[in-house]
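Note sheet for the following structure.
The values are calculated or read from the model by the stated rules, or taken from the named source; none is laboratory data. This structure is a prediction, so every number in the text was calculated from the model and none was measured. Note: ideal-geometry Cβ built from the backbone for every residue, glycine included; neighbour counts use all protein chains shown.
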Amino acid sequence: MTLLTFRFAPSPNGDLHLGHAYSALLNQKLADAAGGRMLLRIEDIDTTRCTPQFEAGMLADLKWLGFGWEEPVRRQSEHFPEYEAVLDRLIREDLVYPAFMSRGEVRAFITDSEQRGRDWPRDPDGVPLYPPADKALPAKERKRRMADNAPFAWRLDVDAAMARVSEDLAWNEFTDETLSATRPVAARPQDWGDVIVARRDIPTSYHIAVVVDDASQGISHVVRGQDLFSATGVQRLLQQLLGLPEPAYFHHRLILGPDGRKLSKSLGDMGLAALRDAGASPDDVRRMIGV
């Protein structure tokens, strides 16, 4: 019998906070209830913001919480060749293209379009979709710019990708924390436009890395925050394009701050280490987050 496999996959770019504690402990609770495996993945493809110091602090916080995981830990920074192989495949199959527009050029393009009376589409996070100009560049011009070391990112041609997969692209979403029932959710990767799948200096993005990692680690259940719900559509598209297995998903509630917004490392919300230093115990943390 195949064991159910769960994972907790934080990025070491700041201190873990209560939201991370909830996700980690919920995954462990579900894995224990199913007699399954609990894996830890370090998502450190952003080598500028992710540091060994943050990773060490993160591991110390998790051990203090009583969160346990199987060894070895998978670190994304050790698997760039795997992600690059996937990118190369997408390039060969004409499913990605080099995008050269800077943020300033994108803003100017969209401002001009809106001044002409066209409402520019935005993704589920409210970010304007990338303009189509680079997708229409002739191959010769693309090669010239790349040879001249023009800055660019690889973007998924979502229209071409959608034409390659089944029309009923969807995923199975658990309806609550008991994981007792699922509902089908229609995947809408096109809502994100042509997302970045790699950069010139980093041969991957979150979307490629996460589907490769989940397949490599045999993840059967992805339990993560509601803020990643819509992005699942892009990952399901990549899974179908690459012939990767589909996990079941549950996007859990978010732990909110006193002002009602999602907790964030970048905004300096109180981390687990600070709570520990203030005298909180792991049981106190569990009571605070309700797990």
Checklist entry - Looking at region 110-120, is at least one residue touching a helix residue (DSSP H, G or I) at 6+ places or on another chain (Cβ under 8 Å) and of a type outside the set (A, V, I, L, M)? => result yes
Item to check | Near pairs, Cβ below 7 angstrom, 6+ apart or cross-chain, from region 7-28 (acidic (Asp, Glu)) to any residue that is buried (at least 22 other Cβ atoms within 10 Å of the Cβ) | outcome: Asp15/Leu272
Item to check | Residues of region 29-62 that turn out to be under 22 Å from Lys262 (Cα atoms), crowded, with 22+ Cβ neighbours inside 10 Å and over 20 Å from the mean Cα position of the chain (by Cα), as a count | outcome: 2
Next on the checklist: Against the condition closer than 22 Å to Lys29 by Cβ, of a type outside the set (Lys, Arg) and either buried (at least 22 other Cβ atoms within 10 Å of the Cβ) or under 15 Å from the mean Cα position of the chain (by Cα) (or both), how does Val222 come out, does it pass?
Outcome noted: yes
Checklist outcome for this item: Of the residues in region 37-95, those that are within 30 Å of Leu137 (Cβ to Cβ) and either among the polar types (S, T, N, Q) or not in a helix (DSSP H, G or I) (or both) come to Ile45, Asp46, Thr47, Thr48, Glu93, Asp94, Leu95
Checklist entry - Among the residues of region 128-175 satisfying the criterion of being among the acidic types (Asp, Glu) and without any contact (Cβ under 8 Å) to a residue 40 or more places away in the chain, which is surrounded by the fewest Cβ atoms within 10 Å (Cβ to Cβ)? => result Glu167
Checklist outcome for this item: Counting only residues in region 141-176 that are assigned to a loop (DSSP other than H, G, I, E, B), among the acidic types (Asp, Glu) and at pLDDT 95 or above, the one farthest from Arg103 (Cα to Cα) is identified as Asp176
Next on the checklist: Cβ-Cβ under 9 Å, sequence separation 6+ or interchain: first residue in region 57-75 and among the acidic types (Asp, Glu), partner assigned to a strand (DSSP E or B) and at pLDDT below 95. Which pairs?
Outcome noted: Asp61/Gly271
Checklist entry - Before we move on, is Ala108 without any contact (Cβ under 8 Å) to a residue 24 or more places away in the chain, among the aliphatic types (A, V, I, L, M) and either within 20 Å of His251 (Cα to Cα) or in a helix (DSSP H, G or I) (or both)? => result yes
Checklist entry - Do the conditions hold for Phe8, that is, is it in contact with a Pro (Cβ under 6 Å, 6 or more places away or on another chain), within 19 Å of Leu272 (Cα to Cα) and aromatic (Phe, Trp, Tyr)? => result no
Item to check | Of all residues making up region 41-68, the number that are touching a Gly at 6+ places or on another chain (Cβ under 9 Å) and more than 13 Å from Leu272 (Cα to Cα) | outcome: 1
Checklist outcome for this item: When restricted to Val285, Val210, Val291, the only residue hydrophobic (A, V, I, L, M, F, W, C), in a helix (DSSP H, G or I), over 21 Å from the mean Cα position of the chain (by Cα) and closer than 24 Å to Arg37 by Cβ is Val285
